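Reviewing the structure listed below.
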C-alpha cells in the first residue's frame, strides 16, 4: 500500500463485477449480458447475483425478501429511521433525499443493520467455536462477559418479538427451516431465557440467512434494503399530510438542564 | 394553515397508512395485520400496496421490478450515483452510508428520478391534451418551445438506448404491452425522430407504468429503489478493492483557471 | 478485456483550487491555492474562517461588510434548535446509535425541503432575482404564487417562500436577526425587507421566517439562488451535530417516542 | 382507533438549548439561550462564529487558545480539494443535477470512512484516549494495530489511523497545519505530536495525514472521540459545497468520466 498502488490504478479499475459500455451499449454483469442474456433473472436474483456472484433458488430469494417484509418494513413513523423519512416528507423535502437520509440512519445500533450483522456474525462464530469443541454455554457466557450483550437478543421497545413466529412459518413453508445456524439461534435463546434477553427477529433471520451460505459482508449488503418499504411508506404518508404537522413540539417541551442565563 | 394546525397535531398523527403497537406487537398496514394476515403478500406487493393502497397483479409487479433491472441497475462505477456509492466503499465508509448518499443523489436531472418523473408527467399531460382535442404534434411542439426538451427523449452518454427492446420484450411477455401511454411514448419518439432526441428507457418505462394506473407521485416512490442494486454492487465491489484506489487523480489533473497567485 | 476505448487524460476544471505537487509524489499537493491564495502557507492563522468561507463562495476576499453579514448569518442559522424538523431528524439518528455522518445526512435530507429548508431559501432567492425590491411585484407574487406545470422531485410550495405558515407574528429571533443584518451597511435587499416587512407579511398572509431573512442576506452577499441554498444547508448543521451527540448520550429511552400519537383512521382492520 | 395508550407529554432533555415561548404562540421561541447565552438578543454581532461553534461543542465560551485552534483547524479542513473522494462524490452529484443537499450528503457518506474520513479521526482519537502521550505505547499500537473480533458496519482499519498509507513523506500542508496549531500554546497532544512525528511515522510505516492532525487538535480542544468525528465531518463540507456548485455549472460533459478505466477481468462473457 504505497504510492505505486495509486500509480497502478490511475485510469485503471480492474473488476470482476461488470461494466456498461458507452460505445456499444453492452451491459455486463459478471460476464453475462444483463439486457439480453439474463431476461429470466428476477430483480432479487440480480441483486444477490451481483453481491455474491452466486445464484440462489427461488425459495431462497423468497426467504430473503420475506424477511425484509417481516423484520423491518413497518408503516410506523415513530420508529427512528422511519421518523427521519416522515419528517422529510412532512417538511416537503424530496422523496429521494428522504429515503437516502433514512437509509443512512438505518446503520443503527439499537435496531437496523448493526444488530442484524452482529447476530449473523455471532452465530457464525458460535458455530465455529462449537465445531472446535467449545460448548455453546461457555461461548455465550464469554460473549456476555466481554461484550455485555449479544446482538439479536433483547429489544428496545418490546421484550416479546411478534415477528419470530411469522419468520419461522415463512422458512418452513419454503422448506428452509432447520439449518444449523437457525437451530443455534434457538439454542442460544434457551440459554438466555433466564436473563431477560428475549430473542428478536434479527437472530432468527441471521440464522436462516447464514444457513444459505452467505458471508457476513454479503448479508450486510442484503439487509441494506430491508427497511426501505416502511421508509417509503412513511415518507409518502407524511408528504400527503399538511406540512409541518408531524410531531410538533411546544417550546416548553424542551427540558433544559444547562447553565443558568448569563451574559457573554 | 395556522397555529391551530399545530395545536391540532400535538401528539396527534391521524393516518390511513398503519401503525405498529408497542403494547401488543400488532403491525397494521392499511388495516391489515401485516405479520399474520398478509403472509402471501410478496415484498414488492407490500411496497406497492403501502404506496398506493391498491393491489396489483403478479404481472404488474413483475413489470415494475423488471423495469428497475433493465432501466437503472448497472454494475458500472463511473455512472455518477454508482460512483458515489463506489467512492464510499473504497474510502471505507459503511455500506449504509454509501447507499444512502447515492440514493439521495439519484434524484438527479440528467439521469435518475427527474427524467423518470418528467417522462411520466409528460405522457399523462400529453394524453390529457390529446383527449381534449389537441394534436400530439402541437403538444410536443409547445413543450419543446417552452421547456427546450422533453424528459425521456435524449440521453447524456449514448444516443441509442439499448434498453428499449428489452423493456418492450418484458412488457409483451407479461401481456402488458400496448396501453395508451406506452403507445403515446412511441408516437412522440416518431415526432422527435428528426430532432436527434432519441427515446430513452425512461419514456417507455413511464408509459408502461402510467398504463397500470399509477399517479406521478406514486410512480416517483416506485422508482426510488430502481438504482439500488447497481449502487449496492458498485459499493461492495469497491469495498473489496484496495482502499483509495478508485480513480485516483494527480495534482496536475486539476485544470485551474482562477485568479493568479496572490498575497492575502 | 476493456469495456471502452483507450484512456485519455481527463481533467477537473476549476477556478477555485490549484495544486502544486510534491516533487516526489504526483498525488500529494505541496501547495494548495484557493482562488490564488496559498491556503496552508499563508491563510492559515492570517485569515478568519468566515473570511475563508466567503472566499470559497464569493471568489474574492470579502469586504468588511460581507464578512460581517456572513458572521451574523452563520450564528443565526447555526442551531435551529431541537424542535426543528432537521434537528429532530439528526437526534433520531443519535438515539438509534446511527453513525455521526448519518445524523448530518438526516439533518440535510429533512432540512432540504420547502418548509423552512434549503428549497424554501432557493425559491425565495429566485423570487428576489425576478422581483428585486419592487413592492407591487412582490405583493402580486405573494398573493398569487405561480404554479409549476410540470411534475418534479420537489413538491410545489404550499406557502409564500420565506414566510412561516404556522406563525401568528414575526418571531423575535427573526426580527432581531433581520435588524442586526440590516444595520450592517449592506443592501439593498436587507434594508428594504426590514422596511417593507409588515406590508409583505400582509400580502403573504404569514409572518417573515428565518429562511426569508437568510434569502435576503445571501442576495446582499451576491450569491446566486443555487449558492444561497447550499450555504443555508451548510450553516444549519452545527446544531444538528451537537444535539445528535447529546441525545446519543442520553439514549432512546429518554427521547420522545410520541406514545399514543399515531392514530389509525383508515379502513377497519380485518378480522383475520 | 388508537394504536397505543393515552398520550403523555414527553420532553426533549438538553443542556444546550433553552427557549422561552412568544406570549401568543407556544410553538414560537421569543428567546433562545445556548448554554445560558441569549443567542439572538446578545451573541449575534458580539460573538464570532468560531466562538459560537466552540460554545456549541465545548459547552463553554472558549479560551483564546481554543478559539484559535478551532479557527485554524476549520480553515485547514474546509476544502479537501477536488481530488479528495468526498469532494469527488459531491461533484458527481453536482454534474448530475442532483439536489444541493445530496451533494453534501454524498460528501458525508464518502467522507465518513476509515480512509481520511470521520471514522479515521474517531479511531485515532480513541487511540489518543487510551495511549495519551506515551511513545512506546503508541509505537506498539502502530506496529501491531488491534483487530476487532466482531463484525460491524465499519470495515476494519487497513492502515494506522491518522497516517496516510499512500504517501511517501508528510505532505507540506499537513506539516504546515501541525506547526501552526502546535504553536498556538495548546497541549499536550499537538506539541507532542509535532515533536514525535518522525518516530511515529516510522512505527506506522506511513507519514502523518491531515486526519491525524485533526484528531490531535480535537483532543487538545477537549473533545471526545465522538465529538471529534462529528466536528471533522462538519468542517470538511464547505469545499464539497463550492466544488459541487462549480461542476454543476460546468456540466457532466466537462467532468472526468474515466473513459477506458473500467476493465473487466472476471469470467469471460457468454456467447449468448
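The values are calculated or read from the model by the stated rules, or taken from the named source; none is laboratory data. Keep in mind that this is a model prediction, so the values were computed, not measured. Cβ sites come from the backbone with ideal geometry, for glycine too, and all protein chains shown count toward neighbours.
Yes or no: the stretch C:72-85 includes at least one residue that is assigned to a helix (DSSP H, G or I), within 13 Å of chain B (Cβ to nearest Cβ) and on the phi < 0 side of the Ramachandran plot.
Yes, the stretch C:72-85 contains a residue that is assigned to a helix (DSSP H, G or I), within 13 Å of chain B (Cβ to nearest Cβ) and on the phi < 0 side of the Ramachandran plot.
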If I ask for residues that are in contact with a helix residue (DSSP H, G or I) (Cβ under 7 Å, 6 or more places away or on another chain) and buried (at least 19 other Cβ atoms within 10 Å of the Cβ), which ones from the stretch D:52-66 would you list? D:52, D:53, D:54, D:56, D:57, D:62, D:66
Among the residues of the stretch D:152-205, the number that are under 30 Å from residue D:62 (Cβ atoms), more than 9 Å from chain C (Cβ to nearest Cβ) and outside any helix (DSSP H, G or I) is 8
Subset tally (residues that are part of a loop (DSSP other than H, G, I, E, B), at pLDDT 95 or above and over 16 Å from residue B:240 (Cα atoms)) for the stretch A:1-14: 2
Scan the stretch C:186-212 and report the pairs whose first residue is more than 20 Å from residue C:130 (Cβ to Cβ) and whose second residue is modelled with pLDDT of 95 or more and assigned to a helix (DSSP H, G or I), with Cβ atoms within less than 6 Å and a gap of 6+ or a chain change. C:186/C:65; C:186/C:69; C:186/C:220; C:194/C:178; C:194/C:182; C:207/C:201; C:210/C:174
Mind checking which helices (runs of 4 or more DSSP H) fall wholly inside the stretch A:38-133 and carry at least 2 residues that are buried (at least 24 other Cβ atoms within 10 Å of the Cβ) and under 13 Å from the mean Cα position of the chain (by Cα)? A:58-71, A:95-105, A:113-131
Quick check: anything in the stretch C:21-40 touching a helix residue (DSSP H, G or I) at 6+ places or on another chain (Cβ under 7 Å), at pLDDT below 95 and not assigned by TED's automatic domain parsing to the domain that holds residue C:72? no
Hey, does the stretch A:222-231 have a residue that's assigned to a helix (DSSP H, G or I), in contact (Cβ under 8 Å) with a residue 12 or more places away in the chain, within 14 Å of chain B (Cβ to nearest Cβ) and surrounded by fewer than 23 Cβ atoms within 10 Å (Cβ to Cβ)? no
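Looking for something within 14 Å of another protein chain (Cβ to nearest Cβ), in a helix (DSSP H, G or I) and buried (at least 17 other Cβ atoms within 10 Å of the Cβ) - is there at least one such residue anywhere in the stretch D:133-141?
There is no residue in the stretch D:133-141 that is within 14 Å of another protein chain (Cβ to nearest Cβ), in a helix (DSSP H, G or I) and buried (at least 17 other Cβ atoms within 10 Å of the Cβ).
Taking the conditions exactly as written (in a helix (DSSP H, G or I), modelled with pLDDT of 95 or more and under 30 Å from residue D:57 (Cβ atoms)), does residue A:235 satisfy them or not?
So residue A:235 fails the test.
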Which count do you get for residues in the stretch D:214-272 that are without any contact (Cβ under 8 Å) to a residue 24 or more places away in the chain and not in a helix (DSSP H, G or I)? 17
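Only residues that are assigned to a loop (DSSP other than H, G, I, E, B) and modelled with pLDDT of 95 or more: list them for the stretch A:15-29, please. Full working, then the answer.
Within the stretch A:15-29, the first condition is being assigned to a loop (DSSP other than H, G, I, E, B), and the residues that meet it are A:16-17, A:21-26.
Once the filter is applied, which keeps residues that are assigned to a loop (DSSP other than H, G, I, E, B) and modelled with pLDDT of 95 or more, the stretch A:15-29 yields A:16, A:17.
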